[in-house]
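FYI, it's all coordinate maths here, none of it is from the lab. Since we're looking at a predicted model, the values are computed, not measured. As a convention, Cβ positions derive from the backbone with ideal geometry for all residues, glycine included, and neighbour counts pool all protein chains shown.
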Amino acid sequence: MGKFFDAILGTHKAFIEKQKIFFTASAPLSADGHVNVSPKGIDSFRVLTPNRVAYMDIVGSGNETSAHILENGRITIMFCAFDGPPNIMRLYGKGYTVLPGDEEWPQLAPLFELQLATRQIIVADIDKVQTSCGFSVPYYEYSGERDQAQKWAEHKGADGLELYKQEKNRISLDGLPTALY
């Protein structure tokens, strides 16, 4: 079952900072709704305090996390060690979306290397941290970041990205509004 903590410890933060990928999970309240799991890369995750984290979110084909946390706040973030000692860490909490123009944006945005495709920053207040063995997680070697998202965003341009967000990122698969609504 693993070990549980009420906050992100220094050793947890050090582990998080070494990871090149993390996964977010969220779900609507409806039993018929879709559970969403999204992989996230680039240098986009920050531990703000022992109980608060944030990640820079870039434009994608959907915006499920924003819709789910707008509806119910629930979010889980998972890190896995793909090299070194085996370890899995889950952060459980309540999240919210911060958009450019929101009051918190000027404090959060400088923490990240913003990209043209940056859509929002997701903030989560963490109430439970779980670590577990990760014995069955395979080894993978990190070979670099993909550049397709940046090239795609540059090709679209600022106006094209705004249009894309309005068309693809305002409503979830289950018809829930996102923070971009």
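Worth a mention:
- Label zone at Tyr181, where the point sits 7 Å out along the Cα-to-Cβ direction: region 24-43 residues whose backbone N lies under 13 Å: 29
- Under 14 Å from a label point set 7 Å out along the Cα-to-Cβ vector of Lys156, the amide N atoms of region 93-115 belong to 115.
- Taking a straight Cα-Cα cut-off under 20 Å and skipping sequence neighbours fewer than 8 places away in the same chain, the lysines within cross-link reach of Lys165 are Lys40, Lys151, Lys156.
- Residues Asp43 and Lys3, FRET efficiency given R0 of 25 Å [Cβ-Cβ distance, rounded to 0.05]: 0.35
- Secondary-structure-derived ellipticity at 222 nm for the chain, considering helices only, amounts to -7000 deg cm²/dmol, per-run term -39500 (n - 2.57) for DSSP H runs with n ≥ 4.
- Counting Lys and Arg as +1 and Asp and Glu as -1 over every other residue whose Cβ lies under 14 Å from the Cβ of Pro28, the net charge comes to -3.
- The chain, relative contact order [Cα under 8 Å, separation at least 6], %: 28 percent
- Cβ crowding within 10 Å, taken as a proxy for footprinting-reagent exposure, orders Val47, Val129 from fewest neighbours to most as Val47, Val129.
- Computed from the alpha carbon positions, the gyration tensor of region 4-113 leads to an equivalent ellipsoid with semi-axes of 22, 18, 14 Å, biggest first.
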